[in-house]
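Everything on this sheet refers to the single structure shown next.
The values are calculated or read from the model by the stated rules, or taken from the named source; none is laboratory data. This structure is a prediction, so every number in the text was calculated from the model and none was measured. For neighbour counting, all protein chains shown are included, and Cβ atoms are generated from backbone atoms with ideal geometry for every residue, glycine included.
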Amino acid sequence: MTSRSSGPSRGKGPAPPSNPPTDPYVELPESDEESPTLDFKSQIMALQNAQVEQALAAEASQNKIGSLETSMQQILDLLKNNVTPITQTPAQQTTNTESPDPLLEPTSPRASPALSGQSNEYFNYKPKVKDPLRFSNKDGLIQYHSWKQLIRDKFIKDQRQFNTPRDYMSYIFGRTEGDAQEHLYPRYTEDEENEDPYTSYQEMFETLDAIYKNAHQVQDSRHAYRELRMGSSQSFQDFKTKFIQLANEGRIPSSDRFDDMYEKMTTPLQGQLLNQLHTLDGDFNELCKVVTGIDSRLRRLNTRRNQEREARTVNALPAPTRTRPSSTPVQPKATPVYALRPLIKPTGTGVSFLQRPIQGPAPPTAGEPRPLACFNCQKPGHFASDCPEPKRVGLKDIEEEDVAEFEQEIDEDDQGNDDA
């Protein structure tokens, strides 16, 4: 009896040959009706197992891709915010392969206990707001109320820069100088003698508020607002700036500013605006817009009028006045030589010291040039340096000789009168 050969395992054995052998001495196996069914089921199960394995592999790959995408997005966010992440050790990288590192999240330092008190150890932060000017006192480059608001804005926009209360207090102390810093130092210092140190930056603001904040600023601004008037030579733009500043500081209601602005203007502006005042319907901004245009046109008109008035004034002046003065100095007229001679003239009734007689022709009449006379010989036609006569010592000697001759003539006259 021929034994039945054992068939292949399900889904794993080779398929039976399609063509039976032609050798007549080879015995053929008996036909088995269940073999094709079992082989088909085993193949289906193998395919299902393969599909499951592929699905699991695809899911694992998708998870890895999603984890990589999440890590890349976190890195991009950190680079965008200029934050440097902490480098993980290999052990941390193996344990956290699927979940992102929580330190890479750009969360607030206050929200993460692990980052509390660490300002620059984990983050290289770039500030978004510039540091305000240093405040010293009321006469400094910046006023206290403006400086305080800038400090508050810095705390809000650059919150990452401040991780502890001491960071806030240190920043305020560093943005003060002079008198303001001296007021803060006694309670800011960490010396043992400081029995009442600051615990928050609000306490530092309270110290500065008590010194530099005007408790009566609203009342003072209201008083200045009531006294404000626009000057005749002041531009409307400058007046409007001061008006709005005092109105805001004095808490003046917006409903009152329209009428107050009109009452504080100059009368020329009020006259130009009177006809169209009712069309503005109490709109303060529209009023300022209209008045700005009117003021600009009036100023150009006044400038033109002043130029025309100056031109008419210059044209009305007489010709010598309008002539440009000469830069050449006027030389004084030379004194005639004959006027320097001794003024002694004997007359029949006495002696006259008005003029000395000139030997030679009579003096020229008015309008004719008068001849010059020599100082040495008293003759016209030449100067004393060219005189052929003997030189006289000087003018003093000439005057002495003339006086001697004059005294001799007087003595002779007196003797003649006595004889008579």
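Filter the range 187-205 for residues that are surrounded by 12 or more Cβ atoms within 10 Å (Cβ to Cβ) and of a type in the set (D, E, K, R); which is farthest from GLY271 (Cα to Cα)?
Ranking the qualifying residues of the range 187-205, first place goes to ARG187.
Name the residues in the range 281-295 that are free of Cβ contacts under 8 Å to residues at least 60 places away in the same chain and part of a helix (DSSP H, G or I), would you? Steps first, answer last, please.
If we filter the range 281-295 for residues that are free of Cβ contacts under 8 Å to residues at least 60 places away in the same chain, which is where we start, we get 281-294.
Correct list: PHE284, ASN285, GLU286, LEU287, CYS288, LYS289, VAL290, VAL291, THR292, GLY293, ILE294.
Under 30 Å from HIS216 (Cβ atoms) and either at pLDDT below 95 or not in a helix (DSSP H, G or I) (or both) - does that describe any residue in the range 265-280?
For the range 265-280, residues under 30 Å from HIS216 (Cβ atoms) and either at pLDDT below 95 or not in a helix (DSSP H, G or I) (or both): present.
Kindly list, by first and then second residue, each pair from a residue in the range 214-228 that is without any contact (Cβ under 8 Å) to a residue 24 or more places away in the chain and closer than 19 Å to ASP256 by Cβ to a residue that is assigned to a helix (DSSP H, G or I) and small (Gly, Ala, Ser), limited to pairs with Cβ atoms under 6 Å and residues at least 6 apart or on different chains.
none
Given the residues TYR171, TYR125, which is the only one that is surrounded by 15 or more Cβ atoms within 10 Å (Cβ to Cβ), in a loop (DSSP other than H, G, I, E, B) and either modelled with pLDDT under 90 or within 37 Å of the chain's Cα centre (by Cα) (or both)?
That would be TYR125, the only listed residue that is surrounded by 15 or more Cβ atoms within 10 Å (Cβ to Cβ), in a loop (DSSP other than H, G, I, E, B) and either modelled with pLDDT under 90 or within 37 Å of the chain's Cα centre (by Cα) (or both).
Given the structure, is THR267 polar (S, T, N, Q), surrounded by fewer than 11 Cβ atoms within 10 Å (Cβ to Cβ) and under 13 Å from PHE236 (Cα atoms)?
yes
Could you say which residue among LEU150, LEU133, LEU208, LEU184 is at pLDDT 90 or above, surrounded by 16 or more Cβ atoms within 10 Å (Cβ to Cβ) and within 21 Å of the chain's Cα centre (by Cα)?
When all the criteria are applied, what remains is LEU150.
From THR164, THR176, which residue is modelled with pLDDT of 95 or more and among the β-branched types (Val, Ile, Thr)?
Details: THR164 fails: modelled with pLDDT of 95 or more.
Testing whether each residue is modelled with pLDDT of 95 or more and among the β-branched types (Val, Ile, Thr) leaves just THR176.
Out of the residues in the range 213-264 that are more than 30 Å from ARG297 (Cβ to Cβ) and of a type in the set (Asp, Glu), state the one that is surrounded by the fewest Cβ atoms within 10 Å (Cβ to Cβ).
The extreme case among them is ASP220.
Collect the residues in the range 285-308 that are of a type outside the set (D, E, K, R) and under 14 Å from PHE236 (Cα atoms), keeping them in residue-number order.
Answer for the range 285-308, where residues must be of a type outside the set (D, E, K, R) and under 14 Å from PHE236 (Cα atoms): ASN285, LEU287, CYS288, VAL290, VAL291, THR292, GLY293, ILE294, SER296, LEU298.
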